[in-house]
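Structure record follows, encoded as structure tokens.
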Amino acid sequence: MRTVLSRRNVSVTASALAVVAAVLVPQVPGTSQQVAPTAAPAAALSTKHDDFVVVGHRGASGYRPEHTLAAYELAARMGADFIEPDLVTTKDRVLVARHEPEIGGTTDVAAHPEFAARKKTKLLDGAPMTGWFTEDFTLKELKTLRAKERIPALRQQNTVFDGKYQVPTLQEVIDLTKRLSRELDRPIGIYPETKHPTYFQQQGLALEPALVNTLTRNGLNRPDAKVFVQSFEVANLKALDRQLRVPLVQLTSATGAPYDFIVSGDKRTYADVVSAKGLREVASYADGVGPAKDQVIPVDSTGKLGTPTALVRDAHRAGLVVHPYTFRVENNFLPPNLRSSAVLADSGNLFAEIATFRKAGIDGLFSDNADIALAAEKESK
């Protein structure tokens, strides 16, 4: 049975100790990418805020191509408590940060003729996907690629940074947080997600051993480390519960089921996972739940945020923190009544959305716009 941490202890874990650790561990030379001094939005805020957790979702991905050291650094400088690297692996078993193992949409790999023959179609969690996959590249090969904006139709301004940044390793992300913890005089946490664990296990490239080894090597496999580890699957979190001493978070989706459930023949869905009974089970191996926003507050038939579900109440009764995803400023990602115009790339009223979710009792959130999330937090006081 997992010893469930209190919501307060989970959210503020490792303050002074994490800073001390960051000072004592030397930076690995040449691993961090600097953010241009004039590049940060003017809304950068004070980092002094309450116990509410703000996670820089894939970094400050509203302002830089996601999963780059520049995006992570900007999120931290905006005041995010944690930065979130999604983890996949290379052919030579190095964990790197990408949203998916397929990298055609987030790097310039298609412009590299030397890798043209690597393009293929694979089954990713049972669905065919065509492109280039990290597990078919060594780290040295992957480092020749450069990141690009994943959704340029909505974030055209980010495309100015296309071609500027490498694909970072987990170790480089950790090194960055150590440096920034020293510079900002506060601990910057990491909130890694194991992406498609069954998919990688089926190829003999399990993510979990490298993750455990990397956290342990960096002195981060301890209860007071400012680390959360998350997954949309269940079996790998249960396995990690026996190996890691940091809080674990069960991610859920508004539709479908954990892929490891599907593979094993388990008929339960994510809806079952977030039921009162399901959340009590989650509490036996994890410390939090990361639901999709509409599992917390669905949008009603009029296009407005409706009545909150029982998820937050049931999770708190089970001793779990609740960190929903993903809060983004573009109209495309907001309920219709909070949109500013019919232009999906325009900015809408993210402040109102965050305020509504905070009233529902969430303990933190994932946002592409950490500056707005911090400003909303300041307004809530």
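One table, with the values for the structure above:
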read-out: Odd one out for residue 58 among (1) farther than 26 Å from residue 343 by Cα; (2) within 15 Å of the chain's Cα centre (by Cα); (3) among the basic types (Lys, Arg); value: (1)
read-out: Members of segment 328-347 found to be within 22 Å of the chain's Cα centre (by Cα) and either within 13 Å of residue 291 (Cβ to Cβ) or among the acidic types (Asp, Glu) (or both), listed by number; value: 330
read-out: Considering residues of segment 97-113 that are in a loop (DSSP other than H, G, I, E, B) and of a type in the set (D, E, K, R) only, the residue farthest from the chain's Cα centre (by Cα); value: 108
read-out: Qualifying position, being touching a Pro at 6+ places or on another chain (Cβ under 6 Å) and not aromatic (Phe, Trp, Tyr), among 280, 245; value: 245
read-out: Options 360, 315: the member that is more than 25 Å from residue 72 (Cβ to Cβ), in contact with a helix residue (DSSP H, G or I) (Cβ under 7 Å, 6 or more places away or on another chain) and buried (at least 23 other Cβ atoms within 10 Å of the Cβ); value: 315
read-out: Pick from segment 148-172, criterion in contact with a strand residue (DSSP E or B) (Cβ under 6 Å, 6 or more places away or on another chain) and closer than 23 Å to residue 214 by Cβ, ranking: surrounded by the fewest Cβ atoms within 10 Å (Cβ to Cβ); value: 165
read-out: Any chance residue 159 is out of contact with any helix residue (DSSP H, G or I) (no Cβ under 8 Å at 6 or more places or on another chain), of a type in the set (Val, Ile, Thr) and closer than 29 Å to residue 344 by Cβ; value: yes
read-out: Filter pass, residue 94 being more than 13 Å from the chain's Cα centre (by Cα), modelled with pLDDT of 95 or more and not acidic (Asp, Glu); value: yes
read-out: Residue tally, condition out of contact with any Gly (no Cβ under 9 Å at 6 or more places or on another chain), surrounded by 15 or more Cβ atoms within 10 Å (Cβ to Cβ) and not acidic (Asp, Glu), over segment 119-132; value: 2
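The rows are residues; the columns are (1) of a type in the set (S, T, N, Q); (2) closer than 21 Å to residue 124 by Cα; (3) at pLDDT 95 or above; (4) touching an Asp or Glu at 6+ places or on another chain (Cβ under 8 Å).
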{"residue": "218", "(1), (2), (3), (4)": "yes, no, yes, no"}
{"residue": "231", "(1), (2), (3), (4)": "yes, yes, yes, yes"}
{"residue": "238", "(1), (2), (3), (4)": "no, no, yes, no"}
{"residue": "276", "(1), (2), (3), (4)": "no, no, yes, yes"}
{"residue": "283", "(1), (2), (3), (4)": "no, no, yes, no"}
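To keep it simple, each residue is scored yes or no on (1) surrounded by fewer than 16 Cβ atoms within 10 Å (Cβ to Cβ); (2) in contact with a helix residue (DSSP H, G or I) (Cβ under 9 Å, 6 or more places away or on another chain).
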position	(1), (2)
340	yes, yes
355	yes, yes
364	no, yes
368	no, yes
376	no, yes
381	yes, no
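So that you can scan it fast, the table gives a plain yes or no per residue for (1) closer than 22 Å to residue 63 by Cβ; (2) in a helix (DSSP H, G or I); (3) not aromatic (Phe, Trp, Tyr):
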| site | (1), (2), (3) |
| --- | --- |
| 115 | no, yes, no |
| 130 | no, no, yes |
| 149 | yes, no, yes |
| 158 | yes, yes, yes |
| 171 | no, yes, yes |
| 176 | yes, yes, yes |
| 179 | yes, yes, yes |
| 182 | no, yes, yes |
| 186 | yes, no, yes |
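The values are calculated or read from the model by the stated rules, or taken from the named source; none is laboratory data. All values derive from a computational prediction rather than experimental measurement. Ideal geometry is used to build each Cβ from the backbone, glycine not excepted, and the neighbour counts take in all protein chains shown.
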